[in-house]
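See structure below.
The values are calculated or read from the model by the stated rules, or taken from the named source; none is laboratory data. This is a predicted model, so every value here is computed, not measured. Don't worry about glycine lacking a Cβ; one is built from the backbone with ideal geometry, like all the others, and counts go over all protein chains shown. These area figures cover heavy atoms from the full protein model, side chains too; ligands, DNA and RNA do not enter into them. Shrake-Rupley method; radii C 1.70, N 1.55, O 1.52, S 1.80 Å.
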Amino acid sequence: MSSISTAHTAIASIPVTDRPPAGQLTERTPADLWHMARAVLDANWSRNHTVPSRTLYPHQWSWDAAFIAIGLARIDPDRAWHDLRSLFLAQWPDGRVPHIVFDPDVAERDYFPGPGFWQVPLRRPGHPDGTGIVQPPAHALAVWEIYQRAPGPQAEAELRWFYPRLVAAQDYLSSCRDATGDGLASIVHPWESGLDNSPAWDAALAAVPADLGVLVGRQRHDNRVAAAAHRPTDEDYARFVALALAYRDGGYRDDELAARHDFVVECPTFNALLAAAEHALARIAAVIGADPAVHLDRAARITRAVDDQLWNPQTGMYHARDVRTGRLSPARCVSGLVPLILPGLPPDRVAALVATAESHRFGLSASMPVASYDRSAADFDPVRYWRGPVWININWLLRRGLREHGHLDQAETLRDAMLELVRRSGYYEYFHPETGDGVGSAAFSWTAALVLDLLGEGEAPPVSGPVD
Ligand code: 9WN
């Protein structure tokens, strides 16, 4: 792991700041972007993992770790493996991978809700604490990406370490979280979607009481470090806290979810990543001598279920389904375009999804990447979390989908739009969908990591060692 100590040395010389350098914005070359992205990832490195942001998110997050590893693989595959391994050290015996793995050196007051809130029942020596909920399963995809950057005996050993763990994570989601037996995994909390505050959850959340009393004696950390106008409202936050408490107090059990729990929803992005993970596992299995067929079968089954259960012919996209009512959410959210990443999607669905992405609602053809919510919706909000802003991870996935289905020109347009956005604004957490201004954390890890991936794809820079 010599490259990890190199990273440590680099970190020491980088001031921990969450602001990009002023000036020179329009001068930035791809090489500048590359160096700046490395600096963001180095500054956000903490002992054995990368935090999403020093200010807002001081622990390790699950799907962030996958996106971060994809970028790290471009500059330092050892560090990518190491980072992702640290997440899986917190995996539960039932296979779930916590949505946050807590850094024991971070004080409880520096993030809410921290380990004291989650009170995870099972603490195992040598395993870090995490939460009891999950995030989208992007990790198999990341493992396969890292392997491809630097294949060889050591990388094969990593595949062998990850394979049973990834399979256990998939098994947990495909069995315990299949609340209706329809072949889709349900989320039990908006935080599990990764698109936390999306209008996709509004209909289902309306049934959850917004009791502000649950916030009494509990201090929101997010509003202390980010503008309240960008973050979920107190009402929604109260619902988030109440749902987390209910799931926790039910012992993090998943039986009879639809009858016992107030929020049980099938998300198109979550399930598309679940199927994409099976495709990645098939490739991994082929390298390590396991059976790819079982994964390809599962991928095909999940893909069919996404298409059967979540497609809305009126809107030409997928929608979240409230398992308790059986109804699709009426909101047109970007999460409903992400199934484009699935290889087995019927061609008419692909055509409809691309048309929806290119329409005025999402604006794929324009110079700006795709917004997180229908731009023409009355409640479209350009700065509030997942209710309008542009996010790089989602656009990176959409670009993969475009390439998967041969839409290479649109994929290039999207790549250019993403690079232009960070060239102008920096490695922000998310971006205003009209002005392109950066919003949220100014040194956000997955933005930097995925831009490294986009840059690396074009110019094939060195994968390790100093780039100077
Ligand atoms: C709650 C860390 C995470 C991302 C999510 C993003 C946001 C947290 C929050 O930050 O979620 O998990 O406080 O809103 O929505 O996608 O993983 O970057």
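For the range 172-177, 3J(HN,Hα) computed residue by residue from phi via the Karplus equation (6.51, -1.76, 1.60; θ = phi - 60°) reads 4, 5, 7, 10, 4, 9 Hz, glycine and proline entered as x.
When the accessible area of the range 56-215 is computed with all protein chains present and a 1.4 Å probe, what percentage of it is carbon and sulfur? On the range 56-215, the fraction of accessible area on carbon and sulfur atoms equals 55 percent.
Could you compute Rg(Cα) / (2.2 N^0.38 Å) for the chain, with N its residue count? Here the Cα radius of gyration is 0.90 times the empirical estimate. When you count the other C-beta atoms within 10 angstrom of each residue and take the mean per peptide, 208-220, 321-333 line up highest first as 321-333, 208-220. At the residue level, residue 439 shows approximately 10 square angstrom of accessible surface with a 1.4 angstrom probe and all protein chains present. Using r as the Cβ-Cβ distance of residue 106 and residue 293, and R0 as 51 Å, what FRET efficiency do you calculate, to the nearest 0.05? Taking R0 as 51 Å, the efficiency between residue 106 and residue 293 is 0.70. Rolling a 1.4 Å probe across the protein heavy atoms gives the chain an accessible surface of 36 Å² per residue.
Heavy-atom accessible area with a 1.4 Å probe sorts 418, 36, largest first, into 36, 418. Cα centroid separation, the range 30-75 to the range 293-368: 29 Å. Of interest is the spacing of the C-alpha centroids, which for the range 396-443 and the range 192-212 amounts to 26 Å. The H on the amide N of residue 439, modeled in the peptide plane, is under 5 Å from the matching H of 429, 430, 431, 432, each at least 5 residues off or on a different chain.
Expressed as a whole percent, the accessible area of the range 279-413 that falls on carbon and sulfur atoms is 49 (1.4 Å probe).
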